[in-house]
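**Q** Sending over a structure as structure tokens; questions will come in a sec.
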Amino acid sequence: MSTDILERREAVPDGRPGGTHVPPGTSGRPRRRRRPDASQLTAWAFIAPVVTYLAVFYAYPLIRNVDLSVRDYTVRSFIDGTAPFIGLDNFTDVVTSPTFGPALTNTLLFTGVSIAFQFSIGMALAVFFFQRFPLSATLRALFLVPWLLPLIVSASTWSWMLNSESGVVNSVLETLGGSQVNWLTSPRWALTSVIVANIWIGIPFNLVILYSGLQNISGDIYEAASLDGAGAWQKFWRITFPLLRPVSAITILLGLVYTLKVFDIIWIMTRGGPGDASTTFAIWSYQLGFGSTLPDFGPAAAVGNLLIVMALVCGFVYLRVQRKQNQS
């Protein structure tokens, strides 16, 4: 009897010196890792190209841009990678530069005015075309032309139209008895000119997104409002506008992010001039990095990072507004 007990104790160690304690309910064998099944491997195969694309074209350039902004890069050190670390000196140089104030003001004006008019006109056109009158589809397609054209074509067209000597706009003004206006070479009108061109280009985007949002609103709601005696303005303010808030929020956010980084329209029309009259952060960053024979890669990257921060702030504001709407 005692011999059997000793054999059992030797077979199952009980935690004494020389033995290993095995918790109850476990076999004591090492667990084998569970191999991913076919569905998991398929999921990773589909997501791998997206992750690779984001890492190569978004994550790496962003990290590289941050590195440029905290080092003293020259053309030589940019090639051989020996630029010294200088911390936030590039940001200090940018903020204390005399160009910072005009560039910040122009960026805010260019973005704010463009978004306000693009959204308002796009909303009005979306409601107008939602009435489904004859030729509405044809006219709606024609309004998409500015969006479909390459930006270089649109900007060049506006540059020709606003030319001081041979532009169509000045010709019409002179025919109506007005005087010639230097739209692109006057500090007073240069920023206004590029804003008008950007509004014209951005209206179709707002029209398409808001029109698609209107299609998701049930017609029964409008019929019930008509039976209650609601007019056109009451239907818009009490039904259309509140139900379009989620679509409107994402439209404004995308418009803000896009407009903050607009470069080609301004560069083709005014090159940021005259002086700093139409210089935005995007134009200033390009001028610092590539606009001279001795490029300042560090300050140029710092200005670019300021643009990224502004876009992130817009994104966080959008998320906060969406969270409040979901809670309410």
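**Q** Hey, among the residues in segment 269-295 that are open to solvent by 60 Å² or more (accessible area, probe 1.4 Å) and either touching a Cys at 6+ places or on another chain (Cβ under 9 Å) or not hydroxyl-bearing (Ser, Thr, Tyr) (or both), which one's modelled with the lowest pLDDT?
**A** Filtering segment 269-295 for residues that are open to solvent by 60 Å² or more (accessible area, probe 1.4 Å) and either touching a Cys at 6+ places or on another chain (Cβ under 9 Å) or not hydroxyl-bearing (Ser, Thr, Tyr) (or both), the one modelled with the lowest pLDDT comes out as Leu294.
**Q** Does at least one position in segment 110-126 carry a residue that is over 25 Å from Asp264 (Cβ atoms) and free of Cβ contacts under 8 Å to residues at least 12 places away in the same chain?
**A** yes
**Q** Identify, from the list Asp228, Asp296, the residue that is under 30 Å from Val66 (Cβ atoms) and not hydrophobic (A, V, I, L, M, F, W, C).
**A** Asp296
**Q** To continue, here is another question. Mind checking which residues of segment 78-111 are touching a helix residue (DSSP H, G or I) at 6+ places or on another chain (Cβ under 9 Å) and small (Gly, Ala, Ser)?
**A** Passing the criteria: Ala83, Ser97, Ala103.
**Q** Further question: Can you list the helices (runs of 4 or more DSSP H) lying wholly within segment 23-105 that have 3 or more residues being open to solvent by 70 Å² or more (accessible area, probe 1.4 Å) and modelled with pLDDT under 85?
**A** In segment 23-105, the matching helices (runs of 4 or more DSSP H) lie at 38-54, 75-80.
**Q** Quick one: in segment 164-191, of everything that is open to solvent by 60 Å² or more (accessible area, probe 1.4 Å) and of a type in the set (S, T, N, Q), which residue is nearest to the chain's Cα centre (by Cα)?
**A** My answer is Thr185.
**Q** Tally time: how many residues in segment 309-328 are touching a residue at least 40 places away in the same chain (Cβ under 8 Å), of a type in the set (A, V, I, L, M) and open to solvent by 60 Å² or more (accessible area, probe 1.4 Å)?
**A** 1
Every residue, every condition in (1) in a helix (DSSP H, G or I); (2) within 18 Å of Gln118 (Cβ to Cβ), yes or no:
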{"residue": "Leu173", "(1), (2)": "yes, no"}
{"residue": "Val181", "(1), (2)": "no, no"}
{"residue": "Asn198", "(1), (2)": "yes, yes"}
{"residue": "Ile217", "(1), (2)": "no, no"}
{"residue": "Tyr222", "(1), (2)": "yes, no"}
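**Q** Another one. Ala230 passes all but one of (1) without any contact (Cβ under 8 Å) to a residue 24 or more places away in the chain; (2) part of a loop (DSSP other than H, G, I, E, B); (3) among the small types (Gly, Ala, Ser); (4) buried (at least 21 other Cβ atoms within 10 Å of the Cβ); which number fails?
**A** For Ala230, the exception is condition (4).
**Q** When the residues of segment 106-143 are filtered to those that are assigned to a loop (DSSP other than H, G, I, E, B) and at pLDDT below 85, which remaining residue is nearest to Arg188 (Cα to Cα)?
**A** Taking the candidates together, the pick is Phe143.
**Q** OK, next. Counting just the residues of segment 217-227 that are touching a residue at least 12 places away in the same chain (Cβ under 8 Å) and open to solvent by 30 Å² or more (accessible area, probe 1.4 Å), which one comes out farthest from Ala124 (Cα to Cα)?
**A** Looking at the filtered set, the residue picked out is Ile221.
**Q** Same structure, new question: Please state which one of Phe143, Phe130 is open to solvent by 30 Å² or more (accessible area, probe 1.4 Å), among the aromatic types (Phe, Trp, Tyr) and more than 25 Å from Phe263 (Cα to Cα).
**A** Phe130
**Q** Further question: Could you please find all residues in segment 106-141 being among the hydroxyl-bearing types (Ser, Thr, Tyr) and either farther than 30 Å from Gly275 by Cα or touching a strand residue (DSSP E or B) at 6+ places or on another chain (Cβ under 7 Å) (or both)?
**A** Ser120, Ser136, Thr138
**Q** If you don't mind, there's one more thing I want to ask. Mind counting the residues in segment 107-122 that are surrounded by 23 or more Cβ atoms within 10 Å (Cβ to Cβ) and over 18 Å from the mean Cα position of the chain (by Cα)?
**A** The qualifying residues number 1.
**Q** Now for a different question. Residues to consider are Thr185, Thr240, Thr192, Thr251; find the one that is of a type in the set (Ser, Thr, Tyr), assigned to a helix (DSSP H, G or I), out of contact with any Cys (no Cβ under 7 Å at 6 or more places or on another chain) and under 30 Å from Pro274 (Cα atoms).
**A** Of the residues listed, the single one that is of a type in the set (Ser, Thr, Tyr), assigned to a helix (DSSP H, G or I), out of contact with any Cys (no Cβ under 7 Å at 6 or more places or on another chain) and under 30 Å from Pro274 (Cα atoms) is Thr192.
The values are calculated or read from the model by the stated rules, or taken from the named source; none is laboratory data. Bear in mind the structure is a predicted one, so any value in this text is a computation, not a measurement. FYI the Cβ positions are ideal-geometry reconstructions off the backbone, even for glycines, and counts take in every protein chain you see. To get the accessible areas, we keep the full protein, side chains included, count just its heavy atoms, and leave off ligands, DNA and RNA. Shrake-Rupley method; radii C 1.70, N 1.55, O 1.52, S 1.80 Å.
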